[in-house]
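Below is one structure, written out as structure tokens; the observations come after it.
Every read-out reported here was derived from the displayed coordinates using simple, explicitly stated rules and does not represent laboratory data. For clarity, every value in this text was computed on a predicted model and none was experimentally measured. Reconstructed Cβ throughout: ideal geometry from the backbone, glycine too, with neighbour counts over all protein chains shown.
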Number of protein chains: 2
Amino acid sequence: MPTPLMIGLAGLGTVGGGMLKLLDTNRALIERRAGRPIRVVAVSARDRHRARDVDLSPYQWTDDAAALAARDDLGAVVELIGGADGPALVIARETLGRGTPLITANKAMLAHHGMELAALAEARGAALKYEAAVAGGVPVIKALREGAAANRVARVQGILNGTCNYILSAMESEGVSFDRALAAAQGRGFAEADPSFDVDGTDAAHKLAILAALAFGTRLDFGAVRIEGIRRVTAADISEAAALGYRVRLVGQAEAGPVGLFQRVAPCLVPLGHPLAHATGATNAVAVEGSHLGRLLLQGAGAGEGPTASAVVADLIDVARGEAGPAFAMPSDQLAVLAAADAGARRGRAYLRFTVADRPGVLAEITAATRDAGVSIASLIQRGAGPDGAVTLVMVTHAGEERCVADALRRLAGSAGLLKEPMLMRILGE
Amino acid sequence: MPTPLMIGLAGLGTVGGGMLKLLDTNRALIERRAGRPIRVVAVSARDRHRARDVDLSPYQWTDDAAALAARDDLGAVVELIGGADGPALVIARETLGRGTPLITANKAMLAHHGMELAALAEARGAALKYEAAVAGGVPVIKALREGAAANRVARVQGILNGTCNYILSAMESEGVSFDRALAAAQGRGFAEADPSFDVDGTDAAHKLAILAALAFGTRLDFGAVRIEGIRRVTAADISEAAALGYRVRLVGQAEAGPVGLFQRVAPCLVPLGHPLAHATGATNAVAVEGSHLGRLLLQGAGAGEGPTASAVVADLIDVARGEAGPAFAMPSDQLAVLAAADAGARRGRAYLRFTVADRPGVLAEITAATRDAGVSIASLIQRGAGPDGAVTLVMVTHAGEERCVADALRRLAGSAGLLKEPMLMRILGE
């Protein structure tokens, strides 16, 4: 009988409970694939007495998660507490510092402290694994770290936040406002009571920074991610985009090249010929452009008890099988340091929506500003004034440098003709 | 300086040459990810003097591929000769028999001899890796073997042959016949001069049998795959399907359940809401339904020099990193033996196309046969007679057992009213 992998689990929320259930439900299969039993020895959570749909009696309870990590009978610690700092980080440092493998779903912690933790893991010869941190059940970390390992990756694009995708999909299919779609998402458990972390793009940005480091072999640089959320997307934006043959998606996009590392999370217009256009509802999807493999798409459930637990246990199986390579596919001191690339030099098409007063001269003012900024207009749609007297003007540009569009908007800032701040979304290529 | 992984390469066709070029182009990146240099020591191919776009002078030439496999200075042998038997199998047995890791792209050999080779690899403690054998650059083997390892998989569906998908996509976008689309595919290098292996479904069936074994933890059983090719799909089938909201795709589908193992490759109608509907051209795509991860889609380039070489080198990097688990994710003697499931009991909707004589009574004969067989008709379209006097009748059934449709077709066999053999395609659920 092979030696079991003894594990400690810190965090008994949805994913922690899901992991215990999954290990139980698929025990025989998991043991065959892991080559040995995986046994949860000890668990820890904030509140021992909270009602949970999983029986904790088989496990030793530890009130102090750090004490759990300090046990010397564990072959791995699973951290599912969450949060960039606080107890999660204490446990991660303690676990890896002792040379014990750490499995975590904590994208915030990795985005902020991933380089420190990876270096610590390497120094102590312990695995640091985090498949569940990005895109839930979709094995995108493994695909980038190992599947695409022979490739120089030029670009990663992803729908990385299920809440935002659910809201944008609902706005599209039901023609409702952001606020109504958000309320519906909250009602169905797809959005938190305070949705800021999701809808403002922070969560997607954490994940993008992780993917970029792995894909490009560069140091993780969360601080350099430009972030725009989806609160300003209107039902009208979505229907105008649809009429033009696009879907609006919150896309995390990262590119590495001679000008540096570009990372941005922002609502974008995705053409129907692009694989990300077909991820609807709470689905996540990641498209990777490799030097040799071409464009690879991975798509699936990005959150939820089952999918996330599936990813955590995949990592456990890898650890049980002795897989212990560097967290970011190469020793962290070999990761390249790239400067943040200037977005202004990027070329692409853009969607602009202006809400303007219904009076002469406003259109001339806008078109003069775009002309003077060197923006070339591909199409322009003006809708008749609504009941509030406001006129919507939707403009799609030809491909050009982003700095030109930014310049045009700067020229129009403060114009009395603009009733609202203009909305700018970039259009993805096919 | 870590010890290099010394490799021997048998087969210098497109993929073999591509592998040498990729190792050269991305050498620094690959070494960082592999943790050590990967050095090709010796190569072998049928014809030393064939013109190749890669310089072979750095490598020792061996005329006899089996002698290459018998070298004792190799850390891995890469077999890219192809063919289920013959030299490829000789090399595979020699390599694994000596305990040397084997990397192969040879789906035919794995489909026919995978269980023998996996057992040999385990007995000798050598890795047997074959990412390039299925879906080219798409890391579907790794996703099933490791990414989805915690899941009981219920179903795998895949577009596994790029040639067929290219032909069906061209028939759809250009409205041309199978023969014309095939000729165009041959002209553009997407189909072989003798296309039987692809268009008759054998190649997809090899890949499906491999995926099924890996996904379900069952013994590989290529002989039990039911195979229908795409030669009988007409431009009319594709336009009728499109009018009904479907795309015609050659789908490999495998299911494991209490009734056994079901494996079939056949042209199917795929609804636009199904992720496989959006794989066009030579793209491959695989959808996996796991007990916990839900539905996972992987999509990308299924063939070609770059993508296939990318998969071969990913395996080399795994071997260099010491990854050496069982070929089918668990010891081969633990793979379950499932009987072939009876297709007749499967439930689903079907598309039927009849080409009939334009005379009274034929429609009554067909509808009587379907009624007597217990087939419930959801829709029926009769197109006016063409210049040849033949009438096309397209029928879509409600969900029912496949045996009923088979029974209806049996009742109609030999009918003088039918001018051609009826066309039957199953309709995938969303």
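Tell me, what are the semi-axes, in whole angstrom and largest first, of the equivalent ellipsoid of region B:348-427 as set by the roots of 5 times the Cα gyration tensor eigenvalues?
Numbers: eigenvalues 83, 34, 22 Å².
Ellipsoid semi-axes (Å, largest first): 20, 13, 10.
Between B:Gln382 and B:His398, what is the spin-label point distance in nm, taking each point 7 Å from the Cα along the Cα→C-beta axis?
Rounded to a tenth, the inter-label distance reads 2.2 nm.
Given H placed on each backbone N at 1.01 Å, which residues far from B:Val251 in sequence or on other chains put an amide H within less than 5 Å of it?
Long-range HN contacts for B:Val251: B:Ala266, B:Cys268.
Less than 16 Å from a label point 7 Å out along the Cα-to-Cβ axis of B:Leu56: which backbone N atoms in region B:9-46 qualify, by residue?
B:9-21, B:40-46, by backbone N distance to the label point.
Ordered by residue, what ³J(HN,Hα) values in Hz, to whole numbers, does region A:221-230 give under the Karplus form 6.51 cos²θ - 1.76 cosθ + 1.60, where θ = phi - 60° and Gly and Pro are x?
Those phi angles translate into 9, 4, x, 8, 6, 7, 10, 10, x, 10 Hz.
Need one number: nm distance between label points at A:Phe197 and B:Ala193, each 7 Å from Cα along Cα→Cβ, rounded to one decimal.
6.3 nm
Would you tell me the mean number of C-beta atoms belonging to other protein chains that fall within 10 Å of each C-beta in B:130-140, as a whole number?
3
Which of the pairs A:Lys107/A:Lys420; A:Lys129/B:Lys21; B:Lys21/B:Lys207; A:Lys21/A:Lys107; A:Lys21/A:Lys142; A:Lys207/A:Lys420 have their Cα atoms more than 29 Å apart in this structure?
Table pairs above 29 Å Cα-Cα are A:Lys107/A:Lys420; A:Lys129/B:Lys21; A:Lys207/A:Lys420.
Kirkwood hydrodynamic radius, region A:288-430, all distinct C-alpha pairs: what's the number in Å?
19.6 Å
Under unit Cβ charges (Lys, Arg +1; Asp, Glu -1), what dipole magnitude, rounded to 20 debye, does region B:348-427 have relative to its Cα centre? Walk me through the numbers on the way to the answer.
Numbers: 10 positive and 8 negative charges, 23 e Å.
Value, rounded to 20: 120 debye.
Given the C-alpha centroids of region A:106-153 and region A:179-256, what is the distance between them in whole angstrom?
21 Å
Kirkwood Rh, region A:156-215, all Cα pairs: how many Å? Before the final figure, lay out the partial values.
Numbers: mean 1/r = 0.0829 Å⁻¹.
Computed over region A:156-215, the radius equals 12.1 Å.
Two decimals is fine: what's Rg over Rh for chain A, C-alpha atoms, Kirkwood radius as Rh?
Rg/Rh: 1.03.
How long are the three semi-axes of the equivalent ellipsoid for region B:5-133, computed from the Cα gyration tensor as the root of 5 times each eigenvalue, in whole Å, largest first?
With the √(5λ) rule applied to region B:5-133, the semi-axes are 22, 17, 14 Å.
Give the separation of the Cα centroids, region A:272-291 to region A:355-399, in Å.
So the two Cα centres are separated by 31 Å.
When each copy gets a label point 7 Å from Cα toward the beta-carbon at B:Lys420, what are the spacings between them in nm, shortest first?
Between copies, matching label points for B:Lys420 lie 5.5 nm apart.
Using r as the Cβ-Cβ distance of A:Arg36 and B:Ser415, and R0 as 45 Å, what FRET efficiency do you calculate, to the nearest 0.05?
The calculated FRET efficiency here is 0.15.
In the calculated pair distance distribution of region B:209-322, what percentage of Cα-Cα distances lie above 17 Å? Working shown, then result.
Numbers: 4306 of 6441 pairs.
The answer is 67 percent, as a whole percent.
How many Cβ atoms of partner chains, on average, are near each residue of A:320-327 if near means within 10 Å of its Cβ?
Mean partner-chain Cβ count within 10 Å for A:320-327: 4.
Kindly provide the helix-only [θ] at 222 nm of chain A, computed as the sum of -39,500 (n - 2.57) over DSSP H runs of four or more divided by all residues, to the nearest 500 deg cm²/dmol?
Mean residue ellipticity, 222 nm, calculated: -10500 deg cm²/dmol.
Nearest 0.05, what FRET efficiency do A:Ala390 and A:Ser173 give at R0 = 30 Å with Cβ-Cβ as r?
Rounded to the nearest 0.05, the efficiency is 0.70.
To the nearest whole number, what is the average tally of beta carbon atoms from other chains within 10 Å of the beta carbons of peptide A:267-275? Working shown, then result.
Working: counts 0, 0, 0, 0, 0, 1, 2, 1, 8.
Mean shielding count: 1.
By average Cβ neighbour count within 10 Å, what is the ranking of B:74-83, B:255-264, B:371-380 from highest down?
B:74-83, B:255-264, B:371-380
May I ask you to order A:402-412, A:319-329 by the average number of other C-beta atoms within 10 Å around their residues, highest value first?
Descending packing order for the listed peptides: A:319-329, A:402-412.
How big, on average over all directions, is the shadow cast by the Cα convex hull of region A:140-301, in nm²? Walk me through the numbers on the way to the answer.
Details: hull surface 36.8 nm².
Over all viewing directions, region A:140-301 projects a mean Cα-hull area of 9.2 nm².
Which whole-Hz ³J(HN,Hα) couplings does region B:274-289 yield from phi under the Karplus relation 6.51 cos²θ - 1.76 cosθ + 1.60, θ = phi - 60°, glycine and proline marked x?
Each residue's phi maps through the Karplus curve to give 8, x, 5, 5, 9, 8, 10, x, 7, 5, 10, 8, 9, 10, 10, 9 Hz.
Taking 45 Å as R0, compute the FRET efficiency from the Cβ-Cβ separation of B:Arg46 and A:Ala242 and round it to 0.05.
Here the calculated transfer efficiency is 0.25.
When N counts the residues of the protein assembly as shown, how does its alpha-carbon radius of gyration compare numerically with 2.2 N^0.38 Å, as a ratio?
On the way: Rg = 28.4 Å, N = 860, 2.2 N^0.38 = 28.7 Å.
Scaled against compact globular proteins, the figure is 0.99.
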